[in-house]
1. Can you give me the long-range amide H partners of Phe70? Hydrogens built in the peptide plane at 1.01 Å from N, cutoff under 5 Å, separation of 5 or more residues or another chain.
2. Which value, in debye to the nearest 20, gives the size of the charge dipole of the stretch 1-150 about its Cα centre, when Lys and Arg are +1 and Asp and Glu are -1 at the Cβ?
3. For the stretch 21-88, rounded, prolate or oblate, judged on the Cα gyration tensor with a ≥ b ≥ c (square roots of eigenvalues), a/c < 1.5 rounded, else prolate if a/b > b/c?
4. Keeping every protein chain in place, order Leu145, Leu102 by accessible area at 1.4 Å, biggest value first, i.e. largest first.
5. Give me the Kirkwood hydrodynamic radius of the stretch 1-119, using the inverse of the mean 1/r over all pairs of distinct Cα atoms, in Å to one decimal.
6. Given 0.36 nm per residue, what is the gain on full extension from Gln47 to Glu15 after removing their alpha carbon distance, in nm?
7. For the ranges 128-136, 175-183, what's the packing order if you count other beta-carbon atoms within 10 Å of each residue, average per peptide, and put the highest first?
8. Give me the accessible area per residue for the stretch 17-135, probe 1.4 Å, as a whole number in Å².
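The values are calculated or read from the model by the stated rules, or taken from the named source; none is laboratory data. Only a predicted model underlies this, so the values are computations on that prediction, with no experimental measurement involved. Virtual Cβ from ideal backbone geometry, glycine too; neighbours counted across all protein chains shown. Please note that ligands, DNA and RNA were not included when accessible areas were found on the heavy atoms of the full protein model with its side chains. Shrake-Rupley method; radii C 1.70, N 1.55, O 1.52, S 1.80 Å.
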Amino acid sequence: MHNTPQALNDNELDELDNFLLSDDMPENAMDISMLDGFFASLVLHPQLIKPSEYFRWIWDSEKGVNEPLFTTMDTGNRILGLIMRHYNSVLEAIESDQYEPLFFTLAQEDGSEFFDAEGWCMGFMLGATVFNEPWDAVFNDRPELVSPMVLLGTEAGWDLLKKSKDMKRATQGAYESIAERVSMLHEYFREQREAATDERMAQPGGMPVTSNKTGRNEACPCGSGKKFKKCCGAPTTLH
């Protein structure tokens, strides 16, 4: 049975963003927009990337080394649950071709809407760099599929934007094309994704199971290799 994940509501998105930016998190932890872009790149990747492989980059987007402090097991379960629900909702939205990137809105003097997509693109580019295969082939052979992400998510891209005659218009054109590029990338990876899924399902225990709550005796999603109760779920413990 396929269960549609419950997308985070605005209050839950704010709750997760506030925690990611809190003193309980390492300095280089992702914010909610960067996390959304990061998850988009993971979902598009034809191979299944496990939480144990990517959680450390959520906590520390620079080096993937520093880790969070969960003061109670309930707090840890709550935050991990919100993160996994958001991952599942990104997955569902991309697979149903209804994905809308999560950008921050910048207030403009003329009252118009302008979005800050830099964090989203940085998250996307991080995922495509850390888990680079098969992204390298996209960057080399089909760069137009990732051009807005490169423009808004890398220093080289911003250098190009600064050289444009109308930087604001060029920036707007880039972020407005991201959702379409995500859809195109989903189609681009279709055959690879289906082949990887068939191979995974053929293995014993190959059915992936997602859960919004981590059991105390299960492996901690942060990737430490410890049980949750002795890692992120251990009160007042920094691992």
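1. Close amide H contacts, sequence-distant or interchain: Thr237.
2. For the stretch 1-150, the charge dipole is close to 660 debye.
3. Prolate, because a/c is 1.5 or more and a/b exceeds b/c.
4. Heavy-atom accessible area, descending, gives Leu102, Leu145.
5. In the stretch 1-119 this quantity evaluates to 15.3 Å.
6. 8.5 nm
7. Sorting 128-136, 175-183 by mean packing, highest first, produces 175-183, 128-136.
8. 44 Å²
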